[in-house]
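Peer 1: The structure under discussion is supplied below as structure tokens; questions concerning it will follow.
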Amino acid sequence: MLRFEHMPSDFDPIFLFIGEGRDLAALATLLRRFADDPREIAFADGLPDAATRADLTLAPADDESGMRDLGGGFCWKLNSWQAARIAERIDLLTPPENKSGSDIFEVGSAGEIPVKVTKGEFTDDFLVSRR
């Protein structure tokens, strides 16, 4: 099961996605679908089986890009090219022979929250029952 959540911090906040290969493949598929047709997509609709308490939307980049805290919800603002490249990098984490791994995504926009996508580095209950 894909899990995601904002991990607040005074110094190094991060938005964390955790899953196994098939979960991360679903995330990459959602990003590719967005790259082909950039329109607002609620993660609750695009990945309905994911576990989270975060209200997250994928949206076309405007004057800002990257992961943004909207105060009550989050928006990952990307252009088509960024979404496609992030999907490609997530694909590198999905093969079964890769027991663990992670990548951090930033698009270079001031004030964005880094996004970490990880496989096999946390227990299955992390972000579900531990918080």
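The values are calculated or read from the model by the stated rules, or taken from the named source; none is laboratory data. Please read all numbers here as calculations on a predicted model, not as lab measurements. When we count neighbours, we look across all protein chains shown, and the Cβ atoms used for this are built from the backbone with ideal geometry, even at glycine.
Peer 1: Report, ordered by the first and then the second residue, all pairs with beta carbons closer than 9 Å, sequence separation of six or more or different chains, a first member in the stretch 52-65 that is of a type outside the set (Gly, Ala, Ser), and a second member that is part of a loop (DSSP other than H, G, I, E, B) and crowded, with 19+ Cβ neighbours inside 10 Å.
Peer 2: What qualifies is THR52/LEU2; THR52/LEU127; ARG53/LEU127; GLU64/GLU112.
Peer 1: With the structure loaded, tell me whether PHE74 is of a type outside the set (Val, Ile, Thr) and touching a His at 6+ places or on another chain (Cβ under 8 Å) or whether it fails that test.
Peer 2: yes
Peer 1: Under 6 Å by Cβ, and 6 or more places apart or on different chains, what pairs join a residue from the stretch 94-107 that is loosely packed, with under 12 Cβ neighbours inside 10 Å and modelled with pLDDT under 95 with one that is in a loop (DSSP other than H, G, I, E, B) and of a type outside the set (Val, Ile, Thr)?
Peer 2: What qualifies is LYS99/GLY120; SER100/GLY120; SER100/GLU121.
Peer 1: Quick check on the stretch 9-28. Is at least one of its residues within 18 Å of ILE113 (Cβ to Cβ), hydroxyl-bearing (Ser, Thr, Tyr) and either buried (at least 16 other Cβ atoms within 10 Å of the Cβ) or out of contact with any helix residue (DSSP H, G or I) (no Cβ under 7 Å at 6 or more places or on another chain) (or both)?
Peer 2: Yes, the stretch 9-28 has at least one match.
Peer 1: For the stretch 81-114, which positions are assigned to a loop (DSSP other than H, G, I, E, B) and in contact with a helix residue (DSSP H, G or I) (Cβ under 8 Å, 6 or more places away or on another chain)?
Peer 2: LEU93, THR94, PRO95, PRO96, ASN98, VAL107
Peer 1: Okay, next question. Determine whether the stretch 62-80 contains at least one residue that is surrounded by fewer than 19 Cβ atoms within 10 Å (Cβ to Cβ), among the hydroxyl-bearing types (Ser, Thr, Tyr) and assigned to a strand (DSSP E or B).
Peer 2: no
Peer 1: Let me ask something else. If you scan the stretch 29-44, which residues turn out to be surrounded by fewer than 16 Cβ atoms within 10 Å (Cβ to Cβ) and either modelled with pLDDT of 95 or more or within 12 Å of TRP76 (Cα to Cα) (or both)?
Peer 2: Hits for the stretch 29-44 are THR29, ASP36, ASP37, ARG39, GLU40, ALA42.
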